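The values are calculated or read from the model by the stated rules, or taken from the named source; none is laboratory data. Since the model is a prediction, treat every value here as computed from it, not as a measurement. Virtual Cβ from ideal backbone geometry, glycine too; neighbours counted across all protein chains shown. Ligands, DNA and RNA are excluded from the accessible area calculation, which covers all protein heavy atoms including side chains. Shrake-Rupley method; radii C 1.70, N 1.55, O 1.52, S 1.80 Å.
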Amino acid sequence: MNVLVTGGAGYIGSHTVLCLLNSGYDVVVYDNLCNSSYEAIKRVEKLTAKTVKFVEGDIRERLALTELFKTNNIDAVIHFAALKAVGESAQIPLDYYQNNVHGSLTLLEVMAEFDVHNFIFSSSATVYGEHNPSPYLETMPLGRPTSPYGTTKVMVENIMDDVSKSNEKFRGISLRYFNPIGAHESGQIGEDPKGIPNNLLPFVAQVAVGKRAKLSIFGDDYPTTDGSCERDYLHVMDLAEGHVAALTWLQDSAQFRGVEAFNLGTGTGTSVFKIINAFEVATNKNIPFEISPRRDGDLPAFWANADKAKTALNWQAKRSLEDMMTDTWRWQSANPNGYNN
Ligand code: NAD
Ligand code: UFG
């Protein structure tokens, strides 16, 4: 099976490409490298001793996509390519709608033109919005996310639903990720944010390696066990394996038509203080921090009910919080400047 992976040079994409190759899939990566490095692909090739066909390009470029589908026999698409910085999306919302929504529309149009109907989309827990109680269940109504970034995810999920109603061949899966962290156990590939990291673990790792003086904890007065926010952190390799499970499910479910959503999380919330403590224990590094004001749009706590993925996809997150910390540190300490060493 030949799988097109958009955004395959990125953080989750590169780990997923590695798992796909190790599971025997052929992979074509299509990425404009706006937030990633070709070095990630080279390292995946080395780790797997397999080759990846890489095409540099933008999902909004219809002609380039048409050429891509014309010259490659694509059986399924895993669609990671998107901009993902929540704060930035409020400053430049049109760029986010343009990239994430228009880009997805162009991709879906070209897929239909070439009769490709297997589609796995990178969605997010943010689609549940502010008002659904945790644990989030796939049957809950989609909410109103607190950022334009989150709105793009809801919009693409709605587009997939409408496409499936109009095209009886469409087979879509929406994977709603919770908070992926960690890195491949080799320490060769990992998360390499540009500039100041927005997300917790990359920031903690950069404090540990001496690139940042201290962590700001955004709020310690939330109604949670210790006052800091709680999230459902899962190991990026578990998440990557979730994509292989979803693809296998599509292959095994010949009769399936429509769209199915699956939460990919562990089912457990962990607070910011607990994350810092787990990182310190696993790595023997001290993480200085200060308490700062709450960050706009942060929800106090959310986590997944991941039973559906377990029952239907036979997938379950299996790596521990300690694995997530150790693997983050192995990547960060070996690559203090990410892929630009
Ligand atoms: P990432 O930024 O590392 O990867 C995204 C990749 O897409 C990058 O390689 C980037 O260069 C590429 N890209 C962006 N716009 C493109 C375009 N127009 N054309 C071609 N390539 C383009 O991000 P990630 O963390 O790996 O996230 C992957 C997907 O998962 C995204 O859709 C993101 O919204 C979603 N997601 C991520 C998280 C998370 O916490 N990391 C959580 C939920 C959902
Ligand atoms: N945090 C800090 N200090 C930091 C960074 C983060 O205290 O420097 C805290 C946040 O306030 C939050 C927790 O750490 O409580 C996790 O923050 P992240 O930014 O790592 O993750 P989020 O849960 O905010 O964001 C994630 C995904 C987004 C998605 C969002 C939905 O990264 O893609 O969940 O809520 F949109």
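Out of Asp252, Asp238, one residue alone is assigned by TED's automatic domain parsing to the domain that holds Pro141 and free of Cβ contacts under 8 Å to residues at least 40 places away in the same chain. It is Asp252. May I ask you to list the residues in segment 49-67 that are open to solvent by 20 Å² or more (accessible area, probe 1.4 Å) and among the aliphatic types (A, V, I, L, M)? Ala49, Val55, Leu63, Ala64 - these are the residues of segment 49-67 that are open to solvent by 20 Å² or more (accessible area, probe 1.4 Å) and among the aliphatic types (A, V, I, L, M).
Just the residues that are open to solvent by less than 10 Å² (accessible area, probe 1.4 Å) and near ligand 1 (Cβ under 6 Å from one of its atoms), please, taken from segment 8-17. Residues satisfying the conditions are Ala9, Gly13.
Table: residues versus (1) among the polar types (S, T, N, Q); (2) within 27 Å of Leu299 (Cβ to Cβ); (3) more than 10 Å from ligand 2 (Cβ to nearest atom); (4) touching a strand residue (DSSP E or B) at 6+ places or on another chain (Cβ under 9 Å).
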{"residue": "Ser164", "(1), (2), (3), (4)": "yes, no, yes, yes"}
{"residue": "Glu191", "(1), (2), (3), (4)": "no, yes, yes, yes"}
{"residue": "Leu201", "(1), (2), (3), (4)": "no, yes, no, yes"}
{"residue": "Lys211", "(1), (2), (3), (4)": "no, no, yes, no"}
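For Ser186, indicate whether it is away from ligand 1 (no atom under 14 Å from the Cβ), among the small types (Gly, Ala, Ser) and touching a strand residue (DSSP E or B) at 6+ places or on another chain (Cβ under 9 Å). The answer is no for Ser186. Each residue in segment 18-48 was checked for being among the small types (Gly, Ala, Ser), within 14 Å of ligand 1 (Cβ to nearest atom) and surrounded by fewer than 20 Cβ atoms within 10 Å (Cβ to Cβ), and 1 of them qualify.
Per-residue answers, yes or no, for (1) in contact with a Lys or Arg (Cβ under 8 Å, 6 or more places away or on another chain); (2) within 16 Å of ligand 2 (Cβ to nearest atom); (3) in a loop (DSSP other than H, G, I, E, B):
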| site | (1), (2), (3) |
| --- | --- |
| His15 | no, yes, no |
| Cys19 | no, no, no |
| Cys34 | no, no, yes |
| Arg43 | no, no, no |
| Leu63 | no, no, no |
| Ile74 | no, no, yes |
| Glu88 | no, yes, no |
| Val101 | no, yes, no |
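If you filter segment 292-341 down to residues that are assigned to a helix (DSSP H, G or I) and basic (Lys, Arg), you find that the one that is surrounded by the most Cβ atoms within 10 Å (Cβ to Cβ) is Arg330. Looking at segment 286-331, which of its residues are within 16 Å of ligand 1 (Cβ to nearest atom), under 22 Å from Glu241 (Cβ atoms) and among the aromatic types (Phe, Trp, Tyr)? Listed by number, the residues that qualify are Trp303, Trp331. Go through (1) within 16 Å of ligand 1 (Cβ to nearest atom); (2) within 22 Å of Gly267 (Cβ to Cβ); (3) in contact (Cβ under 8 Å) with a residue 40 or more places away in the chain one by one and return the number of the condition Asp226 breaks. Going through the list (1) within 16 Å of ligand 1 (Cβ to nearest atom); (2) within 22 Å of Gly267 (Cβ to Cβ); (3) in contact (Cβ under 8 Å) with a residue 40 or more places away in the chain, Asp226 breaks only (1). When Ala112, Ala125 are screened for being over 30 Å from Asn286 (Cα atoms), surrounded by fewer than 20 Cβ atoms within 10 Å (Cβ to Cβ) and either within 14 Å of ligand 1 (Cβ to nearest atom) or in contact (Cβ under 8 Å) with a residue 40 or more places away in the chain (or both), only Ala112 passes.
Considering segment 143-160, and only residues there that are open to solvent by 60 Å² or more (accessible area, probe 1.4 Å) and either in contact with a helix residue (DSSP H, G or I) (Cβ under 6 Å, 6 or more places away or on another chain) or assigned to a helix (DSSP H, G or I) (or both), the residue that is farthest from Val116 (Cα to Cα) turns out to be Met155.
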